[in-house]
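The values are calculated or read from the model by the stated rules, or taken from the named source; none is laboratory data. Bear in mind that the values here come from a model prediction, so they are computed numbers and not experimental data. Cβ coordinates were reconstructed from backbone atoms using ideal geometry, including for glycine residues, and neighbour counts include every protein chain displayed.
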Amino acid sequence: MKASGIRPQASGLSHAIGWPEALPGPEARALSLRAFVSHRAALLMFVLAATVSGCQQPRAATETEFVGPAPPVREALALPNRPGSIKFAAIGDAGRGDRAQYDVSAQMQAFRSVFKFDFVVMLGDNVYDGGTPRDYRLKFELPYKPFLDEGIEFYATIGNHDDPNQPQYAPFHMRGQRYYTFVADGSLLSRLTDTDVRFFMIDTEALERTQLSWLDRELGRSRARWNIPVFHRPIYTSGRYRLPATILRSSLEPVLLRHDVRLALSGHEHFYQRTPPQSGVTYFISGGAGSLRRGDLRRSRLTADGYDADYHFMLFEVTRDRIFYQAISRTGHSIDSGTIDKDR
């Protein structure tokens, strides 16, 4: 993998509303008045969201767990598993070190026995509420030891529960940067068939002008056939953070729409959701690899499919003209699957 990035100058985010809170030092002094006002507006919108949520009856897109055992992995796999395709997994909000995380990891191992994904994209909240060597061991290294032993690489984007020093943790391939880009290493066959993908790992904990300019510039420079932005906090959601998401959307979406983006990945909401295309872009939320809020997903015009009854992970397969996706529960049941075409 090839990676590049710039270390941003910005603060952390409030866990309550998902927006910057004041920190000591030059980062705090660098916050503009406009950012300050935006953060306060986000707080107001979060309060309004909580009020509205309290008045609505939760309605999950998939309200019950699957009944009965899952079919064998070879039957459950909905991806074509073609030679020369680029294969990867995605997990979000995983790093708790508990039974659910191990269960999802075990199911990932089962599917990798037939679908040989080469790397894993982490969608934030990778190691909850801690940054000690023990935290990383208990909440990442042990749950995913079988993958690490096989040389499977993990590429992380930072979340609101992650330690600020997480970019220094070598196994996450962040190289000291809070935002960065990398190209998936493809096989000779994938290169011969013009199948390549570049990922843009975005820091939504400090999405300021410098980072947006970097993203706009790097997307414009990319010669990859597929460009996939990855960020922790969603900009479209049918969950509890839908109103704060609109503020984040106002900054991030215009950059994505200026370039040839067809899908984006995020976490933060502890469920699975796929949106209908929004101005040609399909948005996935996959925040259930170690965290779950049952009944938190509400049906809306943004819910093409979703699931909040159990934990899950995702698999992707990239070909020249199409990306195949599948969401899988920790019991091995297929939640959702489909394709995204390169041409709009």
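Of all the numbered requirements in (1) touching a Ser or Thr at 6+ places or on another chain (Cβ under 9 Å); (2) on the phi < 0 side of the Ramachandran plot, Y155 misses one, and that requirement is (1).
So which of D135, D163, D149 ends up being more than 16 Å from V121 (Cβ to Cβ), under 18 Å from the mean Cα position of the chain (by Cα) and acidic (D, E)? So the residue among D135, D163, D149 that is more than 16 Å from V121 (Cβ to Cβ), under 18 Å from the mean Cα position of the chain (by Cα) and acidic (D, E) is D163. Residue count for the range 124-134 under the criterion of being among the small types (G, A, S) and either free of Cβ contacts under 8 Å to residues at least 60 places away in the same chain or over 24 Å from E205 (Cα atoms) (or both): the result is 2.
Checking G220, G239 one by one, the residue that is touching a residue at least 40 places away in the same chain (Cβ under 8 Å) and out of contact with any Gly (no Cβ under 8 Å at 6 or more places or on another chain) is G239 and no other. Of the residues making up the range 301-339, those that are within 16 Å of L79 (Cα to Cα) and assigned to a loop (DSSP other than H, G, I, E, B) are T319, R320, D321, G332, H333.
When G332 is tested against (1) touching a helix residue (DSSP H, G or I) at 6+ places or on another chain (Cβ under 8 Å); (2) crowded, with 21+ Cβ neighbours inside 10 Å; (3) under 26 Å from D118 (Cα atoms); (4) not hydrophobic (A, V, I, L, M, F, W, C), exactly one condition is not met: (2). Residues of the range 135-162 that are touching a helix residue (DSSP H, G or I) at 6+ places or on another chain (Cβ under 7 Å), in a loop (DSSP other than H, G, I, E, B) and under 23 Å from A206 (Cβ atoms): I158 alone. Summed over the range 299-316, residues that are in contact (Cβ under 8 Å) with a residue 60 or more places away in the chain, within 19 Å of A264 (Cβ to Cβ) and surrounded by fewer than 22 Cβ atoms within 10 Å (Cβ to Cβ) total 4. Name the one entry in R99, R112 that is out of contact with any Cys (no Cβ under 6 Å at 6 or more places or on another chain) and over 27 Å from R233 (Cα atoms). Of the residues listed, the single one that is out of contact with any Cys (no Cβ under 6 Å at 6 or more places or on another chain) and over 27 Å from R233 (Cα atoms) is R112. Of all residues in the range 68-117, exactly one satisfies the criterion of being closer than 22 Å to R322 by Cα, buried (at least 21 other Cβ atoms within 10 Å of the Cβ) and polar (S, T, N, Q), namely S85. Does H312 count as assigned by TED's automatic domain parsing to the domain that holds Y179, on the phi > 0 side of the Ramachandran plot and within 17 Å of the chain's Cα centre (by Cα)? It is false that H312 is assigned by TED's automatic domain parsing to the domain that holds Y179, on the phi > 0 side of the Ramachandran plot and within 17 Å of the chain's Cα centre (by Cα).
Of the strands (runs of 3 or more DSSP E) lying entirely inside the range 186-278, the ones with 2 or more residues being over 14 Å from the mean Cα position of the chain (by Cα) are found at 197-202, 226-231.
For the range 320-337, the criterion of being farther than 18 Å from M108 by Cα, among the small types (G, A, S) and assigned by TED's automatic domain parsing to the domain that holds D129 is met by no residue.
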